[in-house]
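Contents: one structure, followed by commentary.
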């Protein structure tokens with residue numbers, strides 16, 4: 001199909017009036033009524049933004065500064081922020097639809113499920129919709145236990161699958177689980193990428209193994225070569241299921257539709273969320289094989305979601321898939337990712353005292369800094385040069401770079417230039433105290449012409 005780029009042509013200068021006073025009121029209200037510690041943490045890292053205008057790969061702070069968004073809400077904006085085609089689809093949907101009645105059959109649900117069956121790997125052809133990634137993983141675990149009648153779920157240390165019931169029990173970070181224990185029984189965590197540890201746990205009681213092909217929150221840890229294939233084979237031998245969490249890695253993020261394609265592995269169940277909503281709505285999907293749907297035949301109402309896969313959200317998600325396909329966004333992500341990684345590896349080679357490793361796939365990069373404090377400090381310095389990049393909550397020494405897939409070559413260059421300048425400032429001893437007013441903030445550099 002013909003490519004209808006330029007992808008980011010709509011991200012020109014936005015005409016809006018900065019309002020620093022309104023920004024301060026918003027931060028004060030957030031601290032008072034929501035989360036004061038979040039405001040303090042974001043301010044210390046130079047990231048106390050109040051998002052105002054959003055367009056393409058960019059976001060504007062309410063104080064008037066523009067930032068290249070390289071966090072994108074943990075990879076939720078693959079098709080760009082307020083992509084005009086997706087916004088138009090949303091307007092059209094709102095003109096004639098609402099959430100829909102969740103107990104009735106829905107044309108929009110049916111059409112989106114059929115499209116997901118077309119683009120999903122292997123024989124995954126059935127879908128259960130939800131509102132977010134945690135809900136998608138919850139249902140995946142329920143389906144695995146229900147279909148196999150086995151209790152055991154194996155996930156990985158530093159994995160992340162959401163903060164809700166079953167998904168929280170599968171979380172690989174104890175800090176997320178401990179305040180709420182005892183959690184669901186039957187969950188075991190093993191080190192990610194350790195084939196032997198995984199093989200020792202998979203047994204006749206195992207319902208499923210739940211994995212991210214690339215650990216996102218865990219610090220952009222890429223599955224080693226052969227690992228997913230070995231886990232797939234072990235699951236097959238034991239009669240267990242393989243669930244792949246593609247919530248961050250899917251929909252083109254790694255330069256393929258699904259990260260599992262890099263490994264030639266097809267899961268039994270796959271979870272999708274984040275970018276499926278096109279930066280406008282919340283929607284998730286658990287996609288699975290027809291064989292597993294047999295469990296649902298006598299239990300058609302065993303899992304319900306009032307707003308999961310609403311008619312409006314499904315109409316928008318259909319256009320998200322169309323945009324990705326018709327603009328060649330998957331291939332574009334691979335090309336821009338190659339350009340980004342070439343530049344990042346060059347910078348790492350110049351500054352081994354700052355950057356220990358660069359890793360990832362496509363437009364999903366992890367920068368492993370030499371020590372923990374460098375993550376927050378580099379977030380601060382990059383913000384001074386117009387780049388929004390956030391260090392990992394699980395691994396402060398790791399920064400995730402996950403720009404929108406609509407990013408163009410000039411914007412990749414902008415990011416790499418900002419990395420050079422941020423490291424220069426870091427080495428010059430210009431520190432995060434600037435965020436508290438003891439030094440004047442440098443204005444963000446202008447974005448490249450689009």
Scope region 140-190; condition modelled with pLDDT under 80, part of a helix (DSSP H, G or I) and out of contact with any helix residue (DSSP H, G or I) (no Cβ under 8 Å at 6 or more places or on another chain); matching residues: 174, 175, 178, 179
Taking interchain pairs and intrachain pairs at least six residues apart, which have beta carbon atoms under 7 angstrom, with the first residue in region 110-123 and within 15 Å of residue 272 (Cβ to Cβ) and assigned by TED's automatic domain parsing to the domain that holds residue 290 and the second modelled with pLDDT of 95 or more and assigned to a helix (DSSP H, G or I)? 112/314; 112/317; 112/318; 115/318; 115/321; 119/321; 121/260; 121/261
With 334, 356 as the choices, which residue is farther than 13 Å from residue 416 by Cα and in a strand (DSSP E or B)? 356
Residue in region 245-265 that is assigned to a strand (DSSP E or B) and under 15 Å from the mean Cα position of the chain (by Cα) present: yes
Could you list, in sequence order, all residues of region 279-321 that are under 17 Å from residue 121 (Cα atoms), part of a helix (DSSP H, G or I) and over 19 Å from the mean Cα position of the chain (by Cα)? 290, 291, 292, 293
Scan region 363-373 and tell me whether some residue there is at positive phi and at pLDDT 95 or above. no
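The values are calculated or read from the model by the stated rules, or taken from the named source; none is laboratory data. If you're wondering where the values come from, they're calculated on a predicted model, not measured in any experiment. Glycine gets a Cβ as well: all are built from the backbone with ideal geometry, and neighbour counts include every protein chain shown.
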